Amino acid sequence: MFNPSLQLIKKEIRQKNFENILSTVTFFLFLPALVIIFMLFLKGYPALSWNFLTQDPIHGMTAGGIFPTIVGTFWLVIISVLVSCPLGVTAAIYLSEYATDNKMNRLIRLAILNLAGVPSIVHALFGLGAFVLFLKMGTSILAASFTLAVMNLPVIITSTLESLQAVPMSYREASWNVGASKLQTIRHIVLPNSIPGILTGVVFAVGRSAGETAAILFTGVAFYLPFLPQTVFDQCMSLSMHLFTISTQVVGVPDSYPFATALVLIMLILSVNSIAVGLRYYFRTRRKW
Amino acid sequence: MIKKIQIQDLSVNYGNHNVIEGLNLDIYENEVLAIIGPANSGKSSLLRCLNRMMDFNPKAKVKGKILLDGESIYDDEDSTTLRRRIGMVSPLPVGLPMTIKENVTYAPRMAGCKDQHELDAIMEDCLKKAALWDEVKDRLDTLATKLSGGQQQRLTIARALSHHPEVLCLDEFSIAIDPVTTMKIEAVLHELKKHITIVMVTNVINQAKRLGDRTAMMLHGKILDLNTNDKIFGGEVKDARTKDYIEGLFG
């Protein structure tokens, strides 16, 4: 028979304890997310209906639905991602594959990291000055989307850069060794293997754009609009802004409305995220090292 | 004998650290040149100079001349043509994260070949040459990264042959392969040397003895000795250290 020594038993117990601590911490991190969604659902339940999603707000936003705000949020998110993705990925490819380690490029990297730390209200003022006034876009979907895009650029650049650098150098060298050009190597070796990481950055960007309020406050979002935006030069409503408005600015809104609006916003972000998780999974299983 | 590669007064340094100093070397057509020497003597750097991989290392400074068929390898601004003429096998196996088939046909595809029959023919030919065909012919569409280390190394050799190089550089190709497979590949190299020039860096002295026509002994970025194999291994050496190294007495 094997009799474990006292020391071995102690080791075993310590091992178990540590595992328990880790799993408890993980659970408590997970808990708030569940509670938030549960509370929102509970409190917003009375307002939730098909009409809530498909109708315009009426009676000074105290009744009706939130349809225009959903439409506006889609406009903003899609345009901002269309702008920031190509720009961000291109910049990251340059920084990762072409830029040499000199003062200028180190400065650029530092600037990108700092840009990520700039508060969104500062981005809003920048957007107001640069896009609304200087480029004469006026308060419009375009100006608001550009502001969001500028805000998202550092997130996309940083995450893309990280996933590009995670591709082993030996893959690039193997590709160069057989006479593939730098561009071919990026196209056939580096990018296919960093797609999952790039997608993560894009998803973060989408989530941030959808939930952002301050950055679009002065640049393109209206409190209330009686019509849907027709072009990118119109103003629009947005879910996040609407949530702020009906929670603090309008009197006589039913209690359930803000909660239901918040729930829609969160569900929207969650569904985008799950699409991205699915895509990531798909790319992961196809290519693996 | 025709000089395939002429290296004239080659110096390489990384910052202040000199790796190769004033190296002169002629490599003849259809010979196997084995390069032996302890670690850090600049053997791998020398190979990386031959196909201009040093271009990608911003810290490395290369001075001197390297001529391939009498023309400087730096004549052409674009280094991809040069790299197709010089095959390179790295010491650690690199199976690119694509299927076996895509791995072997990567070089011709990047060179613009789209003909499926031609690609298939190249693939079969190269995999056979690298003694891998029998093991993988039934699963050409599986990921190359799932192969064992030794198989991946042979895949690397197959990939290096796929662009029909005139010169094949092998950097310690056998460190990840078992002796039986090594022998198979050595037999292949014997066959190949009828058509191409082979430069082989090796830490296995017997391998240099078996395969090489000539052997060069490198130390601290210089060539101590360079002679035909029967002279080098017959004890006819210029520098006593070469003899010590070959006999395992070095250091």
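Just so you know, all these numbers are worked out from the coordinates, no wet-lab data involved. Note that the coordinates shown come from a computational prediction; the quantities given were computed from them, not determined experimentally. We place every Cβ from the backbone using ideal geometry, glycine too, and count neighbours over all the protein chains shown.
A few comments on the model shown:
- Region A:17-22 - phi-based ³J(HN,Hα) in whole Hz, Karplus 6.51/-1.76/1.60, Gly and Pro as x: 4, 4, 4, 4, 4, 4
- Modelled spin-label separation between B:His190 and A:Val35, with each label point placed 7 Å from Cα along the Cα-to-Cβ direction: 7.6 nm.
- Charge dipole of region B:3-247 about the Cα centre (unit charges at C-beta), most positive-ward option of B:Ser41, B:Thr145, B:Gly234: B:Ser41
- Taking Lys and Arg as +1 and Asp and Glu as -1, the other residues whose beta-carbon sits under 14 Å from that of A:Leu228 total -2.
- Near the amide H of B:Asn227, within less than 5 Å, lie the amide hydrogens of B:Thr215, all on another chain or at least 5 residues away, with H placed in the peptide plane.
- Of the residues A:Gln235, A:Leu135, A:Ser163, the one whose Cα sits farthest toward the positive end of the charge dipole of region A:64-286, with +1 on the Cβ of Lys and Arg and -1 on the Cβ of Asp and Glu, is A:Ser163.
- For B:Glu166, the residues whose modelled amide H falls within less than 5 Å of its own, excluding neighbours fewer than 5 places apart on the same chain, are B:Ile86, B:Gly87.
- Binned Cα-Cα distances of the protein assembly as shown, short to long, each 20 Å bin given as a whole percent: 18, 36, 27, 17, 3, 0
- Placing +1 on each Lys and Arg Cβ and -1 on each Asp and Glu Cβ, with no other charges, gives region B:3-247 a dipole about its Cα centre of roughly 420 debye.
- Beyond 27 Å, the tail of the calculated P(r) for region B:3-247 holds 36 percent of the Cα pairs.
- Once the C-beta distance of A:Asn20 and A:Val232 is scaled by a Förster radius of 45 Å, the resulting FRET efficiency is 0.25 to the nearest 0.05.
- Trypsin sites (Lys or Arg not before Pro) restricted to DSSP loop in region B:1-91 with at most 13 other C-beta within 10 Å: B:Lys59
- Calculated mean residue ellipticity at 222 nm for chain B: -9500 deg cm²/dmol, from DSSP H runs with n ≥ 4 weighted as -39500 (n - 2.57), summed, divided by the residue count and rounded to 500.
- HN-Hα J in Hz across region B:83-97 - Karplus 6.51, -1.76, 1.60, θ = phi - 60°, x for Gly and Pro: 5, 6, 7, 10, x, 9, 10, 7, x, 9, x, 10, x, 5, x
- Sites excluded, trypsin sites (Lys or Arg not before Pro) in DSSP loops with at most 16 other C-beta within 10 Å, longest stretch of chain A: A:137-286
- Point-to-point label distance, A:Ser170-A:Ile13, nm (Cα→Cβ direction, 7 Å offset): 4.5 nm
- Computed over chain A, the quotient of the alpha carbon radius of gyration and 2.2 N^0.38 Å is 1.26.
- Extended-chain gain in nm, criterion 0.36 nm per residue less alpha-carbon gap, A:Tyr45 and A:Thr285: 82.5 nm
- Theoretical FRET efficiency, 1/(1+(r/R0)^6), r = Cβ-Cβ of B:Asp213 and A:Asn114, R0 35 Å, to 0.05: 0.05
- B:His163, B:His220, B:His195 arranged by Cβ crowding within 10 Å, fewest neighbours leading: B:His195, B:His220, B:His163
- Per the Kirkwood formula applied to alpha carbons, region A:51-173 shows a radius of gyration over Rh ratio, Rg over Rh, of 1.13.
- Residue-count net charge about B:Ile35 - beta-carbon cut-off 14 Å; Lys, Arg +1, Asp, Glu -1: -1
- About the Cα centre, charge dipole magnitude for region B:1-124 (Lys/Arg +1, Asp/Glu -1 at Cβ), debye: 480 debye
- Charge tally in the Cβ shell below 14 Å around A:Phe18, where Lys, Arg are +1 and Asp, Glu are -1, A:Phe18 excluded: +2
- Relative contact order, whole percent, for chain B stands at 27, derived from Cα pairs under 8 Å and 6 or more residues apart.
- Beta bridges by DSSP in the protein assembly as shown, antiparallel share as percent, to the nearest 5: 60 percent
- Spacing of the two label points (7 Å from each Cα toward its C-beta) at A:Thr248 and A:Ser5, in nm: 6.5 nm
- Burial ordering of A:Glu212, B:Glu172, B:Glu118, fewest other beta-carbon atoms within 10 Å first: B:Glu118, B:Glu172, A:Glu212
- Couplings for region B:46-62, taken from phi via the Karplus curve 6.51 cos²θ - 1.76 cosθ + 1.60 with θ = phi - 60°, read 4, 4, 5, 5, 4, 10, 6, 5, 4, 4, 7, 9, x, 7, 7, 10, 10 Hz in order; Gly and Pro are left as x.
- In this structure the amide hydrogen of A:Ala63, modeled in the peptide plane, comes within under 5 Å of the amide hydrogens of A:Ile58, none closer than 5 places in sequence on its chain.
- Other protein chain C-beta atoms within 10 Å of residue C-beta, averaged over A:166-175: 4.
- For chain A, modelled as a GNM whose springs connect Cα atoms under 10 angstrom apart, the maximal fluctuation among A:Phe27, A:Phe18, A:Phe204 occurs at A:Phe18.
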